[in-house]
Amino acid sequence: MTRISVTVDGTTYEDEVEPRLLLVHYLRDRLGLTGTPVGCDTSNCGACTVDLDGVSAKSCSVLAVQADGSEVTTVQGLAVNGEWHPLQKAFHERHALQCGYCTPGMIMAARDLLRENPAPSADDVRHALEGNLCRCTGYQNIVRAVLDAAGATEPAAQEVAP
């Protein structure tokens, strides 16, 4: 067992973990933060994306011991005092989900994009979300939601282009 200290959604946890425990399983099974889903378990789908020290990371490809001393933000940690983050609101208002399985990862990857580029184009959004797969929505409403959250206006031609 290895001792770790990690701050998750503003709370610091000190734990003993097996060196092979994935961060996604630590978050879900040890901390009870089930908002971060286990998608493909191979880092292909992006559903498990979290913020790790200010950068989006697929938590199924990070060991919990690698997060020692780090700050992790999950989709559950975005809301402040019960108030949804602008991305969470936009995804809800734009119906940017169907089954919702990919939504946490999409939101976290979009958050990373908006930190780097607060006024992205639709193409910028699509490029930033390439590592996150959705099998339900066709991505149009996801792109619109991210643009709404950014405060960007959507040119009609970009809005519907695949």
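Can you pull out the residues in region 1-60 that are touching a Ser or Thr at 6+ places or on another chain (Cβ under 8 Å), among the acidic types (Asp, Glu) and open to solvent by 70 Å² or more (accessible area, probe 1.4 Å)?
Scanning region 1-60 gives Glu14, Glu16, Glu18, Asp53.
From the residues in region 66-76 that are in a helix (DSSP H, G or I) and surrounded by fewer than 20 Cβ atoms within 10 Å (Cβ to Cβ), which one is farthest from the chain's Cα centre (by Cα)? Walk me through how you get there before you give the answer.
Taking region 66-76 as the starting set, the residues that turn out to be in a helix (DSSP H, G or I) are 66-67, 75-76.
Checking which are surrounded by fewer than 20 Cβ atoms within 10 Å (Cβ to Cβ) leaves us with 66, 76.
Details: Gln66: 18, Gln76: 10 Å.
It comes out as Gln66.
Can you tell me which residues in region 31-54 are touching a residue at least 60 places away in the same chain (Cβ under 8 Å) and closer than 20 Å to Glu18 by Cβ?
Thr36
Under 8 Å between Cβ atoms, at least 6 apart or on separate chains: pull out the pairs that start in region 55-75 with a residue that is within 14 Å of Ile107 (Cβ to Cβ) and at pLDDT below 95 and end on any residue that is open to solvent by 50 Å² or more (accessible area, probe 1.4 Å) and in a helix (DSSP H, G or I).
Pairs found: Ser56/Arg111.
Would you check if Asp29 is at pLDDT 95 or above, touching a strand residue (DSSP E or B) at 6+ places or on another chain (Cβ under 7 Å) and not in a loop (DSSP other than H, G, I, E, B)? Spell out the reasoning first.
Numbers: at pLDDT 95 or above: yes; touching a strand residue (DSSP E or B) at 6+ places or on another chain (Cβ under 7 Å): no; not in a loop (DSSP other than H, G, I, E, B): yes.
Taking the combined requirement at face value, the residue does not satisfy it.
Need the failing condition index for Asp51 against (1) outside any strand (DSSP E or B); (2) within 26 Å of Asn141 (Cα to Cα); (3) at pLDDT 95 or above, just the number.
The one condition Asp51 does not meet is (1).
Criterion first (closer than 23 Å to Val146 by Cβ and open to solvent by 70 Å² or more (accessible area, probe 1.4 Å)) does Cys99 satisfy it? Even if it seems obvious, please write down each step before you answer.
On the way: closer than 23 Å to Val146 by Cβ: yes; open to solvent by 70 Å² or more (accessible area, probe 1.4 Å): yes.
Judged against the criteria, Cys99 is a match.
Considering only region 93-128, state which residues are in a helix (DSSP H, G or I) and closer than 16 Å to Gln140 by Cβ. Even if it seems obvious, please write down each step before you answer.
Looking only at region 93-128, we keep the residues that are in a helix (DSSP H, G or I), and these are 93, 103-116, 122-128.
Matches in region 93-128: Glu93, Thr103, Met106, Ala110, Ala122, Asp123, Asp124, Val125, Arg126, His127, Ala128.
The values are calculated or read from the model by the stated rules, or taken from the named source; none is laboratory data. This structure is a prediction, so every number in the text was calculated from the model and none was measured. Every residue, glycine as well, gets a Cβ built from its backbone with ideal geometry; the counts of neighbours run over all protein chains shown. Ligands, DNA and RNA are excluded from the accessible area calculation, which covers all protein heavy atoms including side chains. Shrake-Rupley method; radii C 1.70, N 1.55, O 1.52, S 1.80 Å.
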